[in-house]
Every structure is written in C-alpha cells, then in structure tokens.
Amino acid sequence: MGKDPQLEETLSKVQKYLECFHLPLEKLQEISARLKKDFNRGLGKHTHHRAAVKMLPTFVTATPDGTEKGDFLALDLGGTNFRVLHIRVNEDEQRVMKSQNCAIPQEMMVGTGEQLFDHIAACLGEFVNSQDLKGQTLPLGFTFSFPCEQKEIDKSILIRWTKGFNCSGVEGEDVVKLLKEAIHRRGDYDIGSVAMVNDTVGTMMSCGYKDQSCEIGMIIGTGTNACYMEELKNVKRVEGMEVKEGENRRMCINTEWGGFGDDGALKDILTEYDEEVDRTSINPGIHTFEKMISGMYLGEIVRLVLVKLTQEKLLFNGETSKALLTPGTFETRFISEIEKEDKGVENTKKILADLGLTSNAVDLHIVRLICDTISSRSARLCAAALATIVNRIRVNRKLDHLKTTVGVDGAVYRKHPNFSEELQDMVRRLAPQCDINFIVSEDGSGKGAAMVTAVLCKKKFKRLNEFNCA
Ligand code: BGC
C-alpha cells in the first residue's frame with residue numbers, strides 16, 4: 001500500500017488528526033507523577049474531601065491466606081446485568097455452586113432507587129428459593145461497583161453513580177441499608193451479615209486466594225478502576241485505626257482512579273473528542289480518566305473520529321451515514337473485532353456495511369488505524385496509572401525491587417486482541433524496578449465478595465465488626 005503518493009498524502013493527513021491521541025513515554029511518566037500527587041491528596045486527612053481521586057478506605061485489612069472456608073451468597077452489581085451466586089470456599093477452591101444473571105432494564109438504571117433495590121431483592125429471593133437456601137441466612141458479599149464512602153464493612157454511602165446509572169434517592173445513602181430494607185419489604189427471606197466490596201477489591205481477593213502476592217485489583221471493562229494494599233499509617237482519613245510504630249498493618253484502598261482529571265489535571269491531553277464524549281454523557285465533568293479508557297466510551301470516541309475524518313473527506317468518499325451520525329452506534333466491541341489479526345479486514349467490512357458506509361481498501365486501513373490509536377491510548381493510560389500504584393507499593397515498603405501480582409478483570413482487557421500486551425509492556429517500562437505478574441480473574445467480583453466475607457468470618461477478624469457468620 002505504501003508507494004502510491006496520493007495514498008501517502010491521505011495517510012499523513014490522517015496521522016495529523018490522530019496525533020492528539022499519542023502519548024509518548026515521557027508524557028506517561030508525567031501523568032503518573034500527577035496521579036501520585038493525587039493519591040496523596042485522596043489519602044490526606046484534610047485534603048480528601050476535595051480530591052478528584054478519592055482513595056476510598058475499604059475496611060478490608062487482610063488478603064486471603066488460603067485457609068478460609070464456608071458457604072456464602074454473593075451479589076454482583078456493576079453493569080447492565082447483575083448476578084447472584086452461591087459460593088463455597090474450602091481449602092483448595094472457591095466454587096460457584098450456582099449462579100443466576102438478572103437483567104437490569106435500561107429504564108431501571110435511571111429510575112428510582114427503590115425500584116432498583118426491589119428488583120435486586122426480588123432476584124435474590126428467587127435465587128434463594130430455587131436453591132433451597134431459604135432457612136439458612138447465609139452471609140452475603142455484596143459487590144457494588146460504584147464509588148462509595150465506606151464507613152464500615154457493612155455501611156457504605158454511594159458518592160455518585162457512574163457508567164450510565166442514575167437512580168434517584170441513592171447518592172448519599174447507605175447502600176447496604178437500602179438492600180436490607182428492600183429485603184425486609186418483601187419479608188419472605190432473610191440474609192446474614194453483609195460485606196460490601198467494590199469489584200476491584202473482589203478481583204484482588206479472588207486472585208489472592210490462589211496467589212498470595214496478589215495485592216492489586218484492576219478493572220478495565222465498562223468502567224475502570226484499581227485497588228491496592230496501602231500501609232494503614234498512610235490512610236490518614238480513617239479515624240480510630242491508629243498504628244503503632246513499627247507495625248505493618250495494611251488496608252485495601254479503592255483508588256477510584258476513574259475520577260482522575262475531574263479537577264482539570266488532564267486538560268493538556270484531553271482531545272476535542274473526549275470533550276464531546278463528556279458533554280453528551282449523563283454525568284458531564286465526572287470520571288474524566290474513565291471516559292478516555294473504558295468500554296462504555298471507547299466506541300463513541302472512535303465514532304466521533306470517524307465522523308470528523310469523513311467530513312474532512314479522508315474517509316468513505318466524504319459520505320457519512322445516518323447510523324454513523326447517531327451516538328452510541330459504534331460499539332466498543334467493534335474495536336476488538338476490527339483489530340483482530342486474522343479476521344480484522346473481514347470484520348471491518350461487515351461492521352462498516354452494517355453502519356451503512358461504503359468502504360474501499362484505504363478506508364479499511366484507516367478505520368483500523370483509528371481503532372488502534374484509541375485502544376492503544378487507553379492501554380497506555382492504564383499502564384501509567386498502574387505504574388503509579390506499583391511504584392508506590394515499592395516505595396512504601398522501602399524495597400529496591402518489588403515482586404507483585406495484579407488481579408485483572410473487564411471486557412476491554414480480556415477481549416481486545418493486544419490491549420493486555422501493550423499495557424503490560426508499558427507498565428514494565430514505567431516501573432522498571434517492579435516485577436509484575438498479571439492474573440485474569442474468573443468470576444472475580446462475585447467470588448471475591450465471598451472471599452472478603454470468608455476472611456471476615458475467620459475467628460480472628462470477628463472483632464472488626466461483630467461479623468455474624470451463623
Ligand atoms: C466505578 C468503580 C468501578 C469501576 C469498574 C467505575 O465507574 O466508579 O467503582 O470499580 O467502574 O467497574
């Protein structure tokens with residue numbers, strides 16, 4: 001393709017438009033340094049109220065050691081589906097005995113909180129009945145994948161909705177209380193103690209059962225976020241957990257890195273496309289970093305670039321289509337399909353045809369280049385953020401060299417053909433003194449919620465919250 005001068009000219013024009021997405025190593029180092037500052041702000045006693053990166057305490061103070069056991073219920077809410085699971089933990093496995101998916105209709109995602117929690121309680125009730133667990137009041141691990149100010153393991157105030165949810169009457173409220181009230185309204189079954197966890201924490205805990213050096217959990221799916229084990233003495237925002245000199249106690253911190261940039265810290269790298277995605281989202285100004293990275297938004301960024309380049313007559317002969325001009329029509333999964341090594345070209349043709357676009361070989365090449373640029377920026381930004389965490393853990397522990405494991409989940413990481421490779425390569429360059437192992441978590445957030453509950457149920461942690469493990 002390279003020799004035709006007209007083609008060369010088109011490609012070089014396209015490259016100019018895509019330049020705004022390129023983030024060289026030095027820029028990523030700079031971004032990582034900014035995030036490092038924001039971590040300190042989020043953890044600080046007097047600064048956390050206004051911090052863009054919330055650094056939320058999770059009250060999870062221990063990772064599993066492999067001796068946990070018992071039967072647990074888990075609820076996993078964080079996307080368009082939610083799951084109910086019955087999980088058995090014993091010496092050598094965390095087994096999903098049974099699980100059930102329940103859809104959350106779009107109108108319920110933006111309806112009232114009461115409707116949402118009644119729906120959750122109804123699905124949980126149906127599950128408990130069908131599994132004959134009704135008389136058992138099992139402890140429940142509740143994975144709720146939104147930013148929450150956790151007061152205790154079973155008291156968790158929703159700060160704000162993200163990822164397309166916007167139910168009324170829930171922000172500022174204790175989510176565990178809303179769940180329990182909905183169960184009581186029904187009155188036909190009961191649950192034991194509840195442990196609330198974020199999906200990042202669940203992912204870390206479920207991987208931690210197998211690999212005890214797993215002390216970071218990361219999600220790159222519909223949304224993005226990470227948690228890690230922080231030294232308790234640095235968590236200044238939690239009262240009543242003072243640490244004595246020389247003690248090595250830790251607490252898992254849910255960073256909520258999706259909020260990075262909400263105070264303008266990423267202004268220099270935001271493109272006109274990012275600004276448009278934010279403007280047309282249901283939560284403008286919120287979760288700036290997430291909107292550059294996660295599955296809910298990547299497809300839309302690509303669509304906006306496609307529209308722009310078509311209007312500039314660099315694609316599709318300058319002709320857009322109704323579908324291409326409609327927000328949300330270019331799904332994030334298309335990016336993975338287009339970038340596939342073997343079937344990429346075939347997939348691209350089909351996707352463009354379904355969008356009502358007529359393409360030639362050059363168009364196919366450019367569309368792939370756009371997808372690659374957007375997914376690659378996402379992987380590099382995640383790498384910068386993850387490097388901030390591993391570097392921090394290493395410095396916290398005064399080590400020259402850190403060996404650690406990250407538990408990961410999320411469709412962008414799992415399904416994109418080279419996202420994980422690009423992320424891993426880049427994080428190794430940004431954190432050269434760290435030896436990082438990545439484990440993809442299977443059923444992580446559900447199993448992990450059960451693990452948190454199981455760790456609490458071990459006798460020595462009972463004092464934390466009078467956790468009732470019946
Ligand atoms: C939420 C996080 C969550 C992440 C991944 C974000 O939108 O704020 O709490 O961990 O999505 O699901």
In degrees from 0 to 90, rounded to the nearest 10, what is the angle of the helix 344-354 Cα long axis to the longest principal axis of the chain?
-> 90 degrees
Beta carbons within 10 angstrom, averaged per residue: use that to sort the peptides 199-211, 145-157, 71-83, highest first.
-> 199-211, 71-83, 145-157
Mind running the shape call on the range 49-146? Use the C-alpha gyration tensor, a ≥ b ≥ c as the square roots of the eigenvalues: rounded below 1.5 for a/c, prolate if a/b tops b/c, oblate otherwise.
-> oblate
Multiply the residue separation of LYS27 and GLU346 by 0.36 nm, subtract the distance between their alpha-carbon atoms, and state the gained length in nm to one decimal.
-> 111.3 nm
Report the extension gain between HIS46 and ASP211 in nm, rounded to one decimal, defined as 0.36 nm multiplied by the number of residues separating them, less their alpha carbon distance.
-> 55.8 nm
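Would you mind ranking MET108, MET292, MET229, MET97 by Cβ crowding within 10 Å, fewest neighbours first? Kindly include the intermediate steps, with their values, before the conclusion.
Details: MET108 16, MET292 28, MET229 23, MET97 12.
The most exposed by this proxy come first: MET97, MET108, MET229, MET292.
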Per-residue ellipticity at 222 nm for the chain, helices alone: DSSP H runs ≥ 4 residues times -39500 (n - 2.57), over residue total, nearest 500 deg cm²/dmol?
-> -13000 deg cm²/dmol
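If the chain between THR137 and ASN166 were fully stretched, how many nm would it gain, using 0.36 nm times the residue separation less the Cα-Cα distance?
Details: separation 29, 0.36 × 29 = 10.44 nm, distance 3.06 nm.
Extra length from THR137 to ASN166 when fully extended: 7.4 nm.
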State log₁₀ I(q)/I(0) for the range 341-456 at q = 0.13, 0.19 Å⁻¹ as given by the Debye formula over alpha-carbon point scatterers of equal weight, solvent excluded.
-> -0.69, -1.04
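R0 = 35 Å: FRET efficiency of GLU173 with ARG333, Cβ-based, nearest 0.05?
On the way: r = 34 Å, r/R0 = 0.96.
That pair, GLU173 with ARG333, gives E of 0.55.
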Subset of LYS54/LYS267; LYS13/LYS308; LYS69/LYS403; LYS151/LYS180; LYS322/LYS349; LYS13/LYS267 violating a 21 Å alpha-carbon distance limit = LYS69/LYS403; LYS13/LYS267
For GLY141, residues with placed amide H under 5 Å, excluding near neighbours = LEU73, ALA74, LEU75, ALA195
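Pairs to check: LYS134/LYS458; LYS177/LYS447; LYS340/LYS415; LYS155/LYS233. Give those whose C-alpha atoms are more than 18 Å from each other in this structure.
Values: LYS134/LYS458 24 Å; LYS177/LYS447 22 Å; LYS340/LYS415 10 Å; LYS155/LYS233 22 Å.
Distance filter (> 18 Å) returns LYS134/LYS458; LYS177/LYS447; LYS155/LYS233.
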Two-decimal Rg/Rh of the chain from alpha-carbon positions, Kirkwood Rh?
-> 0.99
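Quick note: the coordinates plus some simple rules give every number you see, no bench work behind them. If you're wondering where the values come from, they're calculated on a predicted model, not measured in any experiment. Because the Cβ atoms are built from the backbone with ideal geometry, glycine has one as well, and the counts that use them run over all protein chains shown.
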